[in-house]
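The values are calculated or read from the model by the stated rules, or taken from the named source; none is laboratory data. In this text the structure is predicted, and so the values were computed from the model without any measurement. Don't worry about glycine lacking a Cβ; one is built from the backbone with ideal geometry, like all the others, and counts go over all protein chains shown.
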Amino acid sequence: MEDFAELERIAKEIRKDVLIMLNKAKSGHSGGSLSVVDVLVALYFGGIMNYDPKNPAWEDRDRLVLSKGHACPTLYATLAKAGFFERDLLWTLRKLGSPLQGHPDAKKLPGIDASTGSLGNGITQAVGMALAARVLKKRYKVFCIMGDGELQEGITWEAFMAASHYKLSNLIVIVDFNGLQIDGRVMDIMNISPLKEKFEAFGFRTYEIGGHVYKNLIDTLTTAKRNVVSPTAVIARTVKGYGVSFMANRVEYHGVPPTDQELERALKELDNGV
Amino acid sequence: MEFKATREAYGKALVELGKIDNRVVVLDADLSGSTKSKEFQKQFPNRFFNMGIAEANMAGVAAGMALSGLKPYASSFAVFITGRAFEIVRQSICYQNLHVVLCGSHSGISVGEDGGSHQAIADISLMRSLPNMKVIVPADYNETYLAVLESINMEGPVYIRTSRAKSPVFIRKDRFELGKADILKEGKGVTVVACGMMVNLALEAAKLLEEEGIDAEVINASSVKPIDRDTIVKSAKKTGGVVTVEEHTIIGGLGSAVSEVLTDEYPVRALKIGIEDVFGESGSKDDLFCKFGFTKEAIAKRIKEFVNG
Ligand SMILES: Cc1ncc(C[n+]2csc(CCOP(=O)(O)OP(=O)(O)O)c2C)c(N)n1
Ligand SMILES: [Mg+2]
């Protein structure tokens, strides 16, 4: 039996860093950053992704495209923890001159494999990276993290069609399925279900798992890496705002940071494991 | 002085339009709280359609509604409604000269912290380049309200650009007139043509210039297309030099529109103040305005150099 306590400890630290970053920035996306923490921790610290923080441009590294770019505080905190840059840099989030832009900017920050922020634009670049591996005879994998609301963009389905057409088995799409977008619940704003069936119809090997359960995440992603016939989709059922009781599953916390009071409360909760 | 965001006026005017015309329908793409179209949804839930995060489809659906006799108003952030949906706006809306009103909120670098990916800096150029499209960049809350009300009487497609940030409310007039620029301050030394949030800054810069003995004429060109050729040419003839100020790239926006008029009718020296062919970035609105030269002091300095140069 593997020990996931270490991953959970890292996740808690990252959640705390993310909340502090957002509070200092006085703007940014709390809900979708918190829902994707465990996915990113599994990828970077669960032995799934191959990377070298000292050589972020390493040609053989696995790629990570955060197609739901607004959740970048979590990616930044993860990269800092993985040693790509100093933790102190996190507190410059969204400030003038910071490489930690409001949405990921690959030109400004080592460790960011593609600039994203306009929803739908990450997955198409991920498909390009996966195709490039074939041309260049590289064995790297491309992981692409998407929002469930993001899947309403038509371009995402063009990308999935291409991924399947070219049998990009090195592409692993992870959907942060938290059920919420900005204006409300995904099922009320523009329903995307049945999602598993859609992915399957588009030629993806598809899994539906608990997105905050490390055993699920590690097992599924490990299996996905071994897939040689088709792209993989992992629908990770998550809770927007996960880890902070008053943000959990609350659409109002999509695009606002914690106030000073909320931050204090949230950090206490995380420490006490509420 | 009162401060309000122009996007607030969009929501308020939509509600008025909804009352006077039951063929008005409103579409948004998961940003109704930000663009303020939600105000319409609250009053007229049956005539509001959230299309999800799918701006291209939203534009096409609006075209279909217009073809069927409705009066659609569709909104999103400026960068997405003019960018992601551009080709649909061209083919389905402009090519058929359909009366669809598009509203792009969160324009320019005053978006602030979200950064360059979200800051529309070329939306005026894009929309202005399309045949049939009208482009309106109101100077404040009051003018936005009037322009949105008036838009229902316009023909063909209309693009209205609004902002996220609060800005001074200072325009006093009864009606928005398409194709007409307003001279807000008369002067003989130099012509300053501005749109959007830059109009008030241009007025403040003109005050600073007055202390330096430079008598600037300030023109609000909120109707960027069609542009008021007469007012601009008349002013250029009087002053002999024209400066444009816009929160937008200097390629293809207001500056280009004014230059086109001057080139055709009365070539004079001209200067374009705007974003110099770079993307925006993260930062507070005030930090960004300083960095990009959108302060009354920086604008006054450049106008002075232009006048003396
Ligand atoms: C093309 C585009 N349209 C609109 C937006 C504005 N926007 C940012 S986040 C968001 C909602 C995203 O919802 P979802 O994909 O479910 O992400 P999550 O719930 O994980 O935050 C929207 C509409 C955008 N970034 N890009
Ligand atoms: Mg979501």
Review point. In region B:34-48, is there at least one residue being more than 20 Å from residue B:141 (Cβ to Cβ), of a type in the set (S, T, N, Q) and at pLDDT 95 or above?
Key: yes
Check your understanding: How about region B:120-162: which of its residues are farther than 15 Å from residue B:99 by Cα, out of contact with any Pro (no Cβ under 8 Å at 6 or more places or on another chain), part of a loop (DSSP other than H, G, I, E, B) and not β-branched (Val, Ile, Thr)?
Key -> B:122, B:129, B:138, B:139
Study note, to complete from the structure: Residue set B:306, B:292; condition more than 21 Å from the chain's Cα centre (by Cα), among the hydrophobic types (A, V, I, L, M, F, W, C) and surrounded by 16 or more Cβ atoms within 10 Å (Cβ to Cβ); output residue B:306
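May I ask you to verify whether residue B:153 is within 16 Å of ligand 2 (Cβ to nearest atom) and either free of Cβ contacts under 8 Å to residues at least 12 places away in the same chain or within 14 Å of chain A (Cβ to nearest Cβ) (or both)? Step through it out loud before you land on a result.
On the way: within 16 Å of ligand 2 (Cβ to nearest atom): no; either free of Cβ contacts under 8 Å to residues at least 12 places away in the same chain or within 14 Å of chain A (Cβ to nearest Cβ) (or both): yes.
The answer is no for residue B:153.
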Point to revise | Unique match (being within 14 Å of another protein chain (Cβ to nearest Cβ) and more than 16 Å from ligand 1 (Cβ to nearest atom)) among B:26, B:79 | key: B:26
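Of the residues B:245, B:199, B:224, which is assigned to a helix (DSSP H, G or I), modelled with pLDDT of 95 or more and within 19 Å of the chain's Cα centre (by Cα)? Please lay out each step first, then the result.
Numbers: B:245 fails: assigned to a helix (DSSP H, G or I); B:224 fails: assigned to a helix (DSSP H, G or I).
One residue alone meets the criteria, B:199.
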Review point. If we scan region A:146-155, do we find a residue that is closer than 30 Å to residue B:45 by Cβ, without any contact (Cβ under 8 Å) to a residue 60 or more places away in the chain and more than 16 Å from ligand 2 (Cβ to nearest atom)?
Key: yes
Point to revise | Members of region A:80-132 found to be part of a helix (DSSP H, G or I), in contact with a Lys or Arg (Cβ under 9 Å, 6 or more places away or on another chain) and not polar (S, T, N, Q), listed by number | key: A:80, A:81, A:87, A:90, A:91, A:122, A:126, A:129, A:130, A:132
Check your understanding: Hey, does region A:133-142 have a residue that's away from every other protein chain (no Cβ under 14 Å), surrounded by 17 or more Cβ atoms within 10 Å (Cβ to Cβ), assigned to a helix (DSSP H, G or I) and more than 11 Å from ligand 2 (Cβ to nearest atom)?
Key -> yes
Study note, to complete from the structure: Checked A:174, A:155, A:145 against criteria (within 14 Å of ligand 1 (Cβ to nearest atom) and in contact with a Leu (Cβ under 7 Å, 6 or more places away or on another chain)); the one match is A:145
Exercise for review: Could you tell me which residue of region A:80-120 is surrounded by the fewest Cβ atoms within 10 Å (Cβ to Cβ), considering only residues that are under 15 Å from residue A:33 (Cα atoms) and more than 7 Å from every other protein chain (Cβ to nearest Cβ)?
Suggested key: A:90
Practice item. Only residues in region B:273-287 that are free of Cβ contacts under 8 Å to residues at least 40 places away in the same chain and farther than 22 Å from residue B:243 by Cα count as the first member; pair them with residues that are surrounded by fewer than 24 Cβ atoms within 10 Å (Cβ to Cβ) and of a type in the set (D, E, K, R), Cβ under 8 angstrom, at least 6 apart or cross-chain, and list the lot. Key: B:287/A:95
Check your understanding: Given B:117, B:110, which one is under 17 Å from residue B:80 (Cα atoms), of a type in the set (S, T, N, Q) and either more than 13 Å from chain A (Cβ to nearest Cβ) or in a strand (DSSP E or B) (or both)?
Key -> B:110
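Taking the stated definitions as given, is residue B:200 in contact with a Lys or Arg (Cβ under 8 Å, 6 or more places away or on another chain) and within 22 Å of residue B:289 (Cβ to Cβ)?
no
Which of the helices (runs of 4 or more DSSP H) contained wholly in region B:1-101 include at least 1 residues that are among the hydrophobic types (A, V, I, L, M, F, W, C) and touching a residue at least 40 places away in the same chain (Cβ under 8 Å)? Show your work before the answer.
Details: elements: B:6-20, B:32-35, B:38-43, B:55-67, B:78-81.
Counting at least 1 such residues, we get B:6-20, B:55-67, B:78-81.
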Revision key, fill the gap. Over region B:176-187, the set of residues out of contact with any helix residue (DSSP H, G or I) (no Cβ under 6 Å at 6 or more places or on another chain) and assigned to a loop (DSSP other than H, G, I, E, B) is B:177, B:178, B:179, B:180, B:186, B:187
Practice item. Considering each residue of region A:16-36, count those that are in a helix (DSSP H, G or I), among the polar types (S, T, N, Q) and buried (at least 24 other Cβ atoms within 10 Å of the Cβ), and give that number. Key: 2
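If you check residue A:35 against the conditions, is it under 15 Å from residue A:144 (Cβ atoms), hydroxyl-bearing (Ser, Thr, Tyr), within 16 Å of ligand 1 (Cβ to nearest atom) and in contact (Cβ under 8 Å) with a residue 60 or more places away in the chain? Spell out how you get there, then give the answer.
Working: under 15 Å from residue A:144 (Cβ atoms): no; hydroxyl-bearing (Ser, Thr, Tyr): yes; within 16 Å of ligand 1 (Cβ to nearest atom): yes; in contact (Cβ under 8 Å) with a residue 60 or more places away in the chain: yes.
In short, no.
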